[in-house]
Amino acid sequence: MDAIIHPQGSGRGVATQAALGTRFLVFPQAPFIPGYEKPEVVWIGASAGPILAGPSDHRMYVVEPVEPKRPYALPFLPPYRGLLRPPVEPGPDGHFDHITPGSPGFLSAHSYACARRVLDVCEGYIGRSINWFFEPHLQRLEIVPHIVGWDNAQSGFGFLELGESAPNRQTSCFGLNFDSIAHEMGHLVLLSELGILEGDGRGCDFFAYHEAIADFISLLGLLQFDTALDRILRRTGGNLLIHNELDRFAELSDERQIRSFNNSLRMGDVSDEAHDRSKPFAAGLFDSLIEVYQTLLFERGLSDLDPRRFSNLRQQLEPALLYEGLKRSSASYELKHFAYKAALQEARDIIGEGLTHSWHLLEPDTVTFESAALTFVEASYSGRGQSFIQQIEDCMRWRRIID
Ligand SMILES: [Zn+2]
């Protein structure tokens, strides 16, 4: 009877499934972070083409060396030429979600799915496929999901390699950490779109800009997961602005991406070290995202708080009083959860599009945070960010990135 009603086994059923994409299990945050212990099912779209054993497709592939592998460094670059473990196979249905955490092959499937997902998200924002900066020398990205005893993750000319933060504990593998993989993919995407340096990077912000973008792409990637959106919104009652303003959001955040953006650093407060110098710009992007989100809520009658008037309000009220007032208004949050979630997704995409569309206006050897902020404003104005442009500009001005 079942077979007649649900003919999944037929050739037509399998063909339809393939057109929808391929399933994987992905942890949106490292599984030791509270609330993220269970992986989410992620569909990698059909644009990746057939996803074969490895996993592998026409843009990237996973290798698991048999011998201990040293991280790539010039002159040693992919492809890896040593002995490899057998590739991870899809199930009979073509999907990889039968490979569960802790089983052999999970790190390979997980690393591939995280990397592929970030590429898909970025291509979606840019609106076309992204050619690797290492083409045509190398056609595909090689992913090494686990280098034992190496406390790092790195990406470069044709590779993405993941170590472990403490040996012999599977939860410490960077291959289980979407954040680390997305950050490295951010570097690869930006190298491919912005281009590579001809000089040594002195006199421009190339390296610091890279760190800011890699971190922000990790956030954009995180905000594609239902688990993350649901947890962040329910934990804050949807009031991201007030939590951001009062630094409570960061304290309450389990997500590293959000903690790192929640700071009040301006350009004058940071050193020239690339990671440190990246913080005001990355935080300015985060502020812009929150401003657009809160504005959408206000325009849709979901919040009484007009962020365009918030800076005046903030100066008039004690932060604690303001916080109490807003907490009351979030009491009926649950009824509005899905509307809030839609607004956050829209804000995420408005900022994601503005940012990725700004890259073709920049040059690697001359990029500065000021030019990056101005082109981000320009690209946002040409797209869906137009009606929020004053606020986006104000966010960058507050960080002393533009005058
Ligand atoms: Zn980095």
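The values are calculated or read from the model by the stated rules, or taken from the named source; none is laboratory data. What you see is a predicted model, and the numbers here were worked out from it, not measured in a lab. Glycine also receives a Cβ, built like all others from the backbone with ideal geometry; neighbour counts cover every protein chain displayed.
Laid out as a table, the results:
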read-out: Of all residues in the range 273-294 being within 16 Å of the ligand (Cβ to nearest atom) and of a type in the set (Asp, Glu), the one that is surrounded by the most Cβ atoms within 10 Å (Cβ to Cβ); value: ASP276
read-out: Single residue of THR375, THR356 found to be out of contact with any Ser or Thr (no Cβ under 8 Å at 6 or more places or on another chain) and under 22 Å from SER129 (Cα atoms); value: THR356
read-out: Given (1) surrounded by 17 or more Cβ atoms within 10 Å (Cβ to Cβ); (2) on the phi > 0 side of the Ramachandran plot, number of the condition GLY149 does not satisfy; value: (1)
read-out: Wholly within the range 184-246, helices (runs of 4 or more DSSP H) carrying at least 2 residues that are within 15 Å of the ligand (Cβ to nearest atom); value: 206-222
read-out: Criterion (over 22 Å from the mean Cα position of the chain (by Cα), closer than 20 Å to VAL63 by Cα and touching a residue at least 12 places away in the same chain (Cβ under 8 Å)) met by exactly one of ILE143, ILE147; value: ILE147
read-out: Qualifying residue in the range 30-50 (condition: surrounded by fewer than 16 Cβ atoms within 10 Å (Cβ to Cβ), in a helix (DSSP H, G or I) and in the same structural domain as ASP151 (by TED's automatic domain parsing)); value: yes
read-out: Subset of the range 289-301 [more than 12 Å from GLU346 (Cβ to Cβ) and touching a residue at least 60 places away in the same chain (Cβ under 8 Å)]; value: GLU291
read-out: Residue match in the range 167-183 (condition: in contact (Cβ under 8 Å) with a residue 60 or more places away in the chain and more than 29 Å from THR227 (Cβ to Cβ)); value: no
read-out: Some residue of the range 164-178 being within 16 Å of the ligand (Cβ to nearest atom), aromatic (Phe, Trp, Tyr) and under 18 Å from the mean Cα position of the chain (by Cα); value: yes
read-out: Inter-residue pairs, beta-carbon under 6 Å, first buried (at least 22 other Cβ atoms within 10 Å of the Cβ) and in the range 186-208, second polar (S, T, N, Q) and assigned to a loop (DSSP other than H, G, I, E, B), 6+ apart; value: ASP205/THR368; ALA208/SER278
read-out: Candidate set: the range 154-172, residues that are of a type in the set (A, V, I, L, M, F, W, C) and crowded, with 24+ Cβ neighbours inside 10 Å; chosen: the one farthest from VAL367 (Cα to Cα); value: LEU162
read-out: Some residue of the range 251-261 being modelled with pLDDT of 95 or more, crowded, with 17+ Cβ neighbours inside 10 Å and not assigned by TED's automatic domain parsing to the domain that holds GLY35; value: no
read-out: Residue match in the range 133-149 (condition: within 16 Å of the ligand (Cβ to nearest atom) and more than 22 Å from GLU64 (Cα to Cα)); value: yes
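Yes/no matrix, rows are residues, columns are (1) in contact (Cβ under 8 Å) with a residue 40 or more places away in the chain; (2) of a type in the set (D, E, K, R); (3) closer than 23 Å to PHE178 by Cβ:
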{"residue": "TRP43", "(1), (2), (3)": "no, no, yes"}
{"residue": "ALA46", "(1), (2), (3)": "no, no, yes"}
{"residue": "ARG59", "(1), (2), (3)": "yes, yes, yes"}
{"residue": "PRO75", "(1), (2), (3)": "no, no, no"}
{"residue": "PRO78", "(1), (2), (3)": "yes, no, yes"}
{"residue": "THR100", "(1), (2), (3)": "yes, no, yes"}
{"residue": "ALA109", "(1), (2), (3)": "yes, no, yes"}
